[in-house]
Amino acid sequence: MKASGVSAPGAMGVTLLDLPEPPPPGTGQVLIAVEAAGVGPWDRLLNTGGWNVGLRPPAVLGVAGVGRVRAIGPGVQGISVGDRVVAHEAPLPGGSGFWAEQVLVAAAHTAPVPDELEPAAAAALPVNGLTALQVLEALDPGTDQRLLITNGGGGTGSLAIQLAAAAGVEVTATASPSAEERLRSLGAAEVIDYHDPAWPARAQGGFDAALIAAPGTAVTALPLIRDRGHLCSLTSDAPHPERGITSTNLYVRPDPAQLNRLTIDLAQGLLRLTHEPLPLTAGPVAFERVTAGRTAGQKLVLIP
């Protein structure tokens, strides 16, 4: 089986692999013939202890993707061979991920893909989309409240802007100047250049909530939040709470119901997410681009 992943535990680089096919699905599992797989900055954590997803090198990276169900294990209901499904899977029951021709996943973590949504677009969505939805649920900003998002130009930040703006939340995002027009078109009321050392003063404070998606910005954002407001960090650096502010870290979890909602919204044009498809053999290059932040606001997707 052609794949892209890591050759040994702790290996920092990604290489092309030729691995045995996954075992037949066990109870509650399905085997998927992968059509597209998402690439994200989190993939560098899978083999270094930063995110324990049960990877067993030599193994395939990737915790999200789309494909056709090839085989079904005992106890699986509501899914048939040939169905197209999308999933965010962690831990990985087969010890390997989606950057391959086949992957083994828990059936309970899959969601159907709308017919009108192409596989590459659906594969770009799971981790960023679920993270954005789950962090907004944790922050729970109300209509007409003000939300600060750091790194609004990233995959999660741009989706959070859209979801929040659609709910009537006033969003201020930090991003590079090149992303300003795009983020305003997604619903951001204000976009502030994060390169500017005075960006916190420009933001003016008084935010009801802050979504931290840029490392090192949580402590800076905390004084900008009103008393008894909320801060949630995606970069594991939530500061000690003060002034009645709740301050927490969030780690994405598989949720097929939420994923189903997100794919429907994407198929109906209620969400926008640009993606760049690459062949599976470009896995090492895609990994380097993502970890270096050279994606120009696009989600990289590998196509077997």
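Values in this text are rule-based calculations from the coordinates and carry no lab data. Because the structure is predicted, anything quoted here is derived from the model rather than measured. All Cβ positions, even for glycine, are placed from backbone atoms using ideal geometry, and neighbour counts span all protein chains on display.
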Check your understanding: Rounded to the nearest 0.05, what FRET efficiency do S176 and Q77 have when you use their Cβ-Cβ distance and R0 = 45 Å?
Key -> 0.45
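Assuming 0.36 nm per residue, please report the length gained on full extension of the stretch E116 to D237 beyond their Cα-Cα distance. Kindly include the intermediate steps, with their values, before the conclusion.
Details: separation 121, 0.36 × 121 = 43.56 nm, distance 3.91 nm.
Fully extending the segment from E116 to D237 adds 39.7 nm.
Ratio of alpha-carbon Rg to the 2.2 N^0.38 Å globular estimate for region 144-284, to two decimals, please.
Values: Rg = 15.7 Å, N = 141, 2.2 N^0.38 = 14.4 Å.
The reported ratio for this selection is 1.09.
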Revision key, fill the gap. So the FRET efficiency between A165 and A292, C-beta based with R0 = 25 Å and rounded to 0.05, is 0.30
Study note, to complete from the structure: Per the charge dipole of the chain (beta-carbon charges, Lys/Arg positive, Asp/Glu negative, Cα centre), the residue among P119, P223, T27 reaching farthest to the positive end is T27
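Under 15 Å from the Cβ of L250, count the other residues' Cβ atoms, weight Lys and Arg +1, Asp and Glu -1, and hand me the total. Provide the component values of the computation, followed by the final result.
Numbers: positive: R253; negative: E137, D140, D237, D255.
For residues surrounding L250, the net value is -3.
Compute the normalised compactness of region 1-106: alpha-carbon radius of gyration over 2.2 N^0.38 Å, N being the residue count. Write out the running numbers ahead of the final one.
Numbers: Rg = 12.9 Å, N = 106, 2.2 N^0.38 = 12.9 Å.
Compared with the compact-globule rule of thumb, region 1-106 sits at 1.00.
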**Study point:** Theoretical ellipticity at 222 nm over the chain - DSSP helices of four or more residues, -39500 (n - 2.57) apiece, nearest 500
**Key:** -6000 deg cm²/dmol
Exercise for review: On a 0 to 90° scale, report how tilted helix 155-166 is relative to the longest principal axis of the chain, with both axes built from alpha carbons and the result rounded to the nearest 10.
Suggested key: 60
Study note, to complete from the structure: Of the residues L273, V105, L259, the Cα lying farthest along the dipole of the chain towards its positive end, which is defined by charges on the beta carbon of Lys, Arg, Asp and Glu, belongs to V105
Study note, to complete from the structure: Contact order relative to length for the chain, counting C-alpha pairs under 8 Å separated by 6 or more residues, stands in percent at 20
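Sorted from fewest to most neighbouring beta carbons within 10 Å, what does the list L270, L55 look like? Could the numbers behind the result be given before it?
Numbers: L270 13, L55 23.
With the sparsest Cβ surroundings first, the list reads L270, L55.
With a 10 Å Cβ neighbour count serving as the proxy for reagent exposure, in which order, fewest first, do V290, V219, V14, V113 appear?
V219, V290, V14, V113
Say R0 is 25 Å: what FRET efficiency, to the nearest 0.05, do A198 and L270 get from their beta-carbon distance?
The pair A198/L270 has a calculated efficiency of 0.10.
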Practice item. With everything on Cα atoms, drop me the angle between helix 256-267 and the longest principal axis of the chain, reported from 0 to 90° to the nearest 10. Key: 80
Review point. In what sequence do K2, K299 fall when counting other Cβ within 10 Å, fewest first?
Key: K2, K299
Practice item. Of the options N52, A167, A179, report the single residue whose Cα projects farthest towards the positive end of the charge dipole of the chain (beta-carbon charges: Lys, Arg +1; Asp, Glu -1). Key: N52
